Amino acid sequence: MTIKELEAIKKKRLLENAVRFGKKGVIEHEFLVCCSTGCISGGSKKVHEAFSSEIKAQKLKNYRINYSGCFGLCSAGPIVIAYPEGTFYVHVDPEGAREIVRATMRGEVVEKYLCKNHDGRYAKVRADIDFFKKQLFIVRKNGDKIDPSSMEDYISIDGYSALAKVLLEMTPQQVIKEVLESGLRGRGGAGFPTGKKWSYAQAEKSDIKYMICNADEGDPGAFMDRVIIESNPHSVIEGIAIAGYAIGAQNGIVYIRAEYPLARKMLEKAISESKKNGLIGKNIFGSGFDFDIVIKQGAGAFVCGEETALMHSVEGQRGEPTSRPPYPTTSGLYGKPTVINNVETLANIPHILLNGGKNYAKVGTEGSKGTKVFSLSGKIKNTGLIEMPMGTTIKEIIYDVGGGIPDNHKFKAVQMGGPSGGCIDAKNVDVKVDYDSLKDLGSMMGSGGMIVLDDTTCMVDIAKFFLGFTCDESCGKCVPCRVGTKRMLEMLTEITEGKGGKEKVEELEELANYVKDTSLCGLGQTAPNPVLSTLENYREEYLEHAEGKTCRAGVCPAFRQYKINPKECISCGACSRICPVGAISKGINGKYVIDQTKCINCGQCYKICPVQAIHIGKEG
């Protein structure tokens, strides 16, 4: 493909998609339905079909239905945007789709499908919705205006223009200089300066070099990379190709986890289209630069997110880490210089090269430039994917974007960085979210998972959950991680059962620090973080379990009692019928009671009670 051909596609597609940008064109009205995993699971394909059938039934020649990538507000899916007005519809079902088409014909809006702001008032367009007001889109810019499966749609928003600029106007050194000036740090966890990593590999003399995109996103509660690929796969491909040119590589690899079938499908199609049109392959844009990209599917091992383990997996070996140095930029895949960047890092690259590194560096803090994509989940009203300027406070994210904690509960902590991260407590809610501030609190940015916890959460149980994950995912190569995490998990289990007393808590802390200091790779070194951060901020909860034999949240089964309030019981018998051990019977007054000697604390009665007359009590 030549520059003229690229510009011709852009001009043609912009004319065809004019309605999405509020301009007149062949199409007067268009409905974009989210086709990302979250909305698909909520029924967006049926919604798309309903729009299509209604448009046909009404014989509307100037109406169009299409798919788009993720809009971010996942808790409100399926989501539809109606253009040219940009009306943002949420929780759309097939009947709603038909209503929206008919209302659009009359020049009206279906209010019940509009998004409600934090104050309960409806908002019509995305810019007026509280969830989006403080977000800044760089990685996810124009995601609401393109079909992610269309290369031409991506070209219409300047797609592959950065690659053309780089290949035809810049040297590899100039490219690296722009990335260095941007201040971009790796978005996969450690936050190493991207430009520095590239410069190290570029300086190596080798006939073969490799550029790897790490899409092996395995943190619980993290789905940033998946959504970026599902919503805009070409931005990742363009970023990989630019990186390949900068370091002198001709071989690109995307290492993607097997649990992401839709993302892989979108990526495969995008790579195929790019090859077909000469955007990757031989002599790209007539520059003489050759670059190919292949996909390698991971086998679901969390440890393969670590660079050396990932490369071993690509080579067909067991996914185990090795000590460094040598670093991958010197001796990586098959012993050749290799750069590994994650999906979000590479998706930033086209923007930086088109608009300049200094322009990018205007966003963020002194040590953390640009934006960061987070997956916001847990005990919060608005869950989904957000893109925030570095330096935004936790408080702003939780309350201004996320809408706060539901059901009048109080914010307790936010778990960041996945199993490798830590819990940040309520007293630090005003801390700025950047690499250095989070590190000072014993946490880390990680890949960007943010799990919000409220006052119904047991922090000991949270630590136990994450440690259980890393214990299962340990490759077993080094003793501190293989044995240490298992023993830590056993000790946590004992504490949640009220065994061991204060000494057990102190022993756990000592072992956690040992595992952190002596493990071979990042998985083992950071595995104790959830334990150490909760011990730092919630030690009293550990002591309540170990010495007081109580769990203040009523979560740990060993200390939990279910009790029926006779004043609230309506004698329906639902609890008695569902009890698997016959521990519930009708008392003298006709109200049901639980025999604590028989109760196994399964919680089925608590879940089924229609009037919430069953409460969780705590022994002490």
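What to note about this one:
- In the range 108-175, a dipole from Cβ-located charges (positive for Lys and Arg, negative for Asp and Glu) runs towards its positive end, and of Val109, Ala164, Asn142 it is Val109 whose Cα lies farthest in that direction.
- Sparsely packed trypsin sites (Lys or Arg not before Pro) within the range 541-619, loop by DSSP, other Cβ within 10 Å at most 10: Lys567
- Kyte-Doolittle mean at least -0.5, axial Cα span of 15 Å or more - DSSP H helices of the chain: 94-105, 172-182, 233-247, 343-355, 459-473, 479-496
- Computed from label points 7 Å out along Cα-Cβ, the spacing between Val611 and Lys275 is 6.7 nm.
- The range 560-618 shape via C-alpha gyration tensor axes, a/c threshold 1.5: rounded
- Computed from phi, the 3J(HN,Hα) profile of the range 112-128 under the Karplus parametrisation 6.51, -1.76, 1.60 (θ = phi - 60°) reads 5, 9, 7, 7, 8, 7, 4, 8, x, 8, 6, 10, 8, 10, 4, 5, 9 Hz, with x in place of Gly and Pro.
- q = 0.10, 0.12 Å⁻¹: log10 I(q)/I(0) that the Debye formula gives for the range 258-386, counting C-alpha atoms only: -0.50, -0.73
- Each Lys and Arg Cβ is given +1 and each Asp and Glu Cβ -1; about its Cα centre, the chain then shows a dipole of about 1400 debye.
- Considering only alpha-carbon pairs that sit under 8 angstrom and 6 or more positions apart, the relative contact order computed for the chain is 11 percent.
- Along its three principal directions, the equivalent ellipsoid of the range 140-187 from the Cα gyration tensor extends over semi-axes of 25, 15, 7 Å, largest first.
- A Förster distance of 60 Å, applied to the separation of the beta-carbon atoms of Arg102 and Glu7, puts the FRET efficiency at 0.95.
- Rounded, prolate or oblate (a/c below 1.5 giving rounded, otherwise prolate when a/b exceeds b/c) for the range 13-129 by Cα gyration tensor: rounded
- Loop-resident GluC sites (Glu not before Pro) (DSSP state other than H, G, I, E or B) in the range 291-381 with no more than 15 further Cβ atoms inside 10 Å of their Cβ: Glu315, Glu366.
- Each Lys or Arg adds one and each Asp or Glu subtracts one; over the other residues with Cβ under 13 Å from the Cβ of Gln297, this totals +1.
- Percent of beta bridges antiparallel (DSSP, the chain, rounded to nearest 5): 60
- Distance-filtered residues of the range 149-163 - backbone nitrogen under 15 Å, label point 7 angstrom along Asn359 Cα→Cβ: 157-163
- Prolate/oblate/rounded call for the range 151-360, Cα gyration tensor, a/c under 1.5 rounded: rounded
- Phi angles across the range 563-577 convert, under the Karplus curve 6.51 cos²θ - 1.76 cosθ + 1.60 with θ = phi - 60°, into 3J(HN,Hα) values of 10, 9, 7, x, 6, 9, 5, 9, 6, 6, x, 4, 5, 5, 5 Hz, Gly and Pro given as x.
- For the chain, adding -39500 (n - 2.57) for each run of n ≥ 4 DSSP H residues and dividing by the number of residues yields -11500 deg cm²/dmol at 222 nm.
- Pairwise Cα distances in the chain exceed 34 Å for 49 percent of all pairs.
- Straightening the chain between Ile295 and Asn62 buys 80.0 nm, computed as 0.36 nm per residue apart minus the Cα-Cα spacing.
- Take the Cβ atoms of Glu540 and Glu497, set R0 to 22 Å, and the FRET efficiency comes out at 0.75.
- Euclidean distance of C-alpha centroids, the range 49-89 and the range 471-502, integer Å: 50
Where a number appears in this text, it was derived from the coordinates with a stated rule and is not lab data. All of these numbers come straight from a predicted model, not from anything done at the bench. No Cβ is skipped: glycine too gets one built from the backbone with ideal geometry, and neighbour counts run over all protein chains shown.
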